[in-house]
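Every number here is computed from the coordinates shown, using simple stated rules; none is lab data. On a predicted model such as this, the values are computed, not experimentally measured, just so you know. Heads up, the Cβs are rebuilt from the backbone with ideal geometry, glycines too, and the neighbour counts pull from every protein chain shown.
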């Protein structure tokens, strides 16, 4: 590790003084060697600790005493038979007391390629400054797996964040966003140790229109547990991270191949405009495969305009259909190369084409045929649109021609499915940038004051009180009334329209249906009286009577409190569908109705809202406005709300209203026996 640290400083082109420290040697690699930090002729700007855990405390104390401002710690800070507090805690206390900036521990250092400072103790490939992509990784091997092996990516900064004893990922991100050459940022993230800073950095990236691509591990419960055990940090709920990424246009990928491909496209591709994907193939089977894969990936394929179809029919062999994706190769022979060039240029010239792809297998040995390059250059010249060459299977990212073409703005990529994931990220980020700035709905401040006081330190509110809170914030709720006797119940029913719903209001029962505390569709007073007698006998006299809502689609709105990012709004299809299908999504409050519309459009059961088999269409606009107002309430009460469950919200043909609600304050003691 010590040898490689020295090699990397020289390999990266660092021109300042380098002082090896090892009392056993007089010189190392032609450089004078010193016995200690205190014997150096000057205070260094950075110390790279290439020592084992048993020696790190003494070495760190020496650096702090000398006034060294920054360090890299790559060791894991774990000792066998350690005392209490353990080594990691002792080192952390020293760092905090000294305010030293530390990269690590338990990482692989950093490559500041643009400034020619490589603070890493492991083998790496050549990196040419200044680069245009930043890679920040909680996984050291995840960092090396891309930075050391993918020459199509040009990096300006690469950091293995490790345990983040002093500097967190959001701080590296904030720094990278200020570098003038940064065109894209990749994150291999386990968890955000500084949630507010992380959110602020993502907001900065969105404001500066610098795309961020995230590989977030810990999606499953077991993976999240491993995240905690590996990093020693709290791992937030994966759904919250998805909501965070949606909020700031972060494009999420699922493996390292997708991460690398998306970063290549963002960093090297000609700008992407409106429209979908067009692709040219030399195989009918691979053309059909593209249709299937694009559908699965959610990538829109351009439906060609009539004039494009007519032009293609004049170019390609008559037995080939003039469609997108296009198989442009049938008989070959003289003129075939020009035919393919013209076909690709025609496809990309279609008014609905945003991006072109040449889907051709590599030459033997992973190379690229010159004719492929000619197709792409001419097609881009004619259309002024981006184009990429994609191998149906894996190629190589080390071939000099592949690297040179990619850096010239013609990305050469491997694997159609991985490419389509990158295209989806491109299109979604393009659409994110085109989205108007959110305009949250104003919130009733008098209601905020009332319910901030009412909820502070409270546990679960009853249904009537929960509905009253919603109504106080301008959210429609079903007409209802409370009663604690037959006489009160009859009087309350007289003020409501039949049919009725009767529910227990006994304290401590949060899940009424599970306890037989709900009776629906009661046609008249006699039915109400009969249901009340049975329910009161089992659960007590306190009840809530309400009008039955008009038929409609059942939706759900809810809130969960994430330990890292605070309240998160859940929305989706409600009633029993919420439990059985879990067709829901999440968003960070506050947000506007347009954001709700985008989320609803992504739900699997979205078509139910349009009316099925002659059924009446639901008022989607009303639900979107309702959810936006709900998010404003949640954000205003974020310090006193723990949970909210509004299920169902009935969305009818005109308007929507809450039928049932549960609000839980910051006192989270369960009262449901």
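Take the alpha carbon gyration tensor of the range 272-434, find the square roots of its eigenvalues, order them as a ≥ b ≥ c, and report rounded if a/c is under 1.5; if not, report prolate when a/b exceeds b/c, else oblate. Rounded, because the longest to shortest axis ratio a/c is under 1.5.
Antiparallel DSSP bridges in the chain: what percent, to the nearest 5?
So the antiparallel bridges amount to about 55 percent of the total.
Label point of residue 31 set 7 angstrom out along Cα-Cβ; within the range 56-99, amide nitrogens under 17 Å from it belong to 63, 68-74.
Measuring between their Cα centroids, the range 282-334 and the range 372-405 lie 18 Å from each other.
Counting beta carbons within 10 Å around each of 111, 14 and listing the fewest first gives the order 14, 111. Subtracting the Cα-Cα distance of residue 453 and residue 96 from 0.36 nm times their residue separation leaves 124.7 nm of extension gain. By the Cα gyration tensor, the range 1-103 has an equivalent ellipsoid whose semi-axes, rounded to whole angstrom, run 24, 15, 13 from largest to smallest. Working from the Cα coordinates of the range 479-548, the gyration tensor eigenvalues give, after taking √(5λ), semi-axes of 17, 12, 11 Å in decreasing order.
State the antiparallel share, in %, of DSSP beta bridges confined to the range 1-103, rounding to the nearest 5.
On the way: 2 of 9 bridges.
Percent antiparallel among DSSP bridges in the range 1-103 is about 20.
Each part reduced to its alpha carbon centroid, the range 154-225 and the range 573-609 end up 28 Å apart.
Would you mind giving the average projected area, over all directions, of the Cα convex hull of the range 601-648 in nm² with one decimal? Intermediate results must be reported in sequence, preceding the final value.
On the way: hull surface 17.2 nm².
It is 4.3 nm².
Summarising the overall dimensions of the chain from its C-alpha atoms, the Rg and Dmax are 30.9, 101 angstrom. Computed over the range 518-673, the alpha-carbon pair-distance distribution with 5 angstrom bins reads 2, 8, 16, 18, 17, 14, 11, 8, 4, 1, 0, each value a whole percent. The C-alpha atoms of the range 253-323 occupy a region whose extents along the principal axes are 42, 27, 19 Å, arranged from largest to smallest. Between the C-alpha center of the range 495-533 and that of the range 93-142 there is a gap of 64 Å. Return the tail of the calculated pair distribution for the range 107-268, meaning the percent of Cα-Cα pairs more than 24 Å apart. That fraction is 26 percent.
Rounded to the nearest 500 deg cm²/dmol, what is the calculated helix-only ellipticity per residue at 222 nm for the chain, with -39500 (n - 2.57) per DSSP H run of length n ≥ 4? Before the final figure, lay out each step's value.
Details: 22 runs with 256 residues, N = 673.
The per-residue figure over the chain is -11500 deg cm²/dmol.
Size of the range 5-60 from its Cα atoms: along the principal axes, largest to smallest, the extents are 31, 20, 20 Å.
For residue 317 and residue 203, a Förster radius of 56 Å and the Cβ-Cβ distance give a FRET efficiency of 0.60, rounded to the nearest 0.05. The angle between the Cα long axis of helix 256-268 and the longest principal axis of the Cα atoms of the chain comes to about 70 degrees, rounded to the nearest 10.
Helix 525-539 versus the longest principal axis of the chain: what angle, 0 to 90°, nearest 10, using Cα atoms? That works out to roughly 60 degrees.
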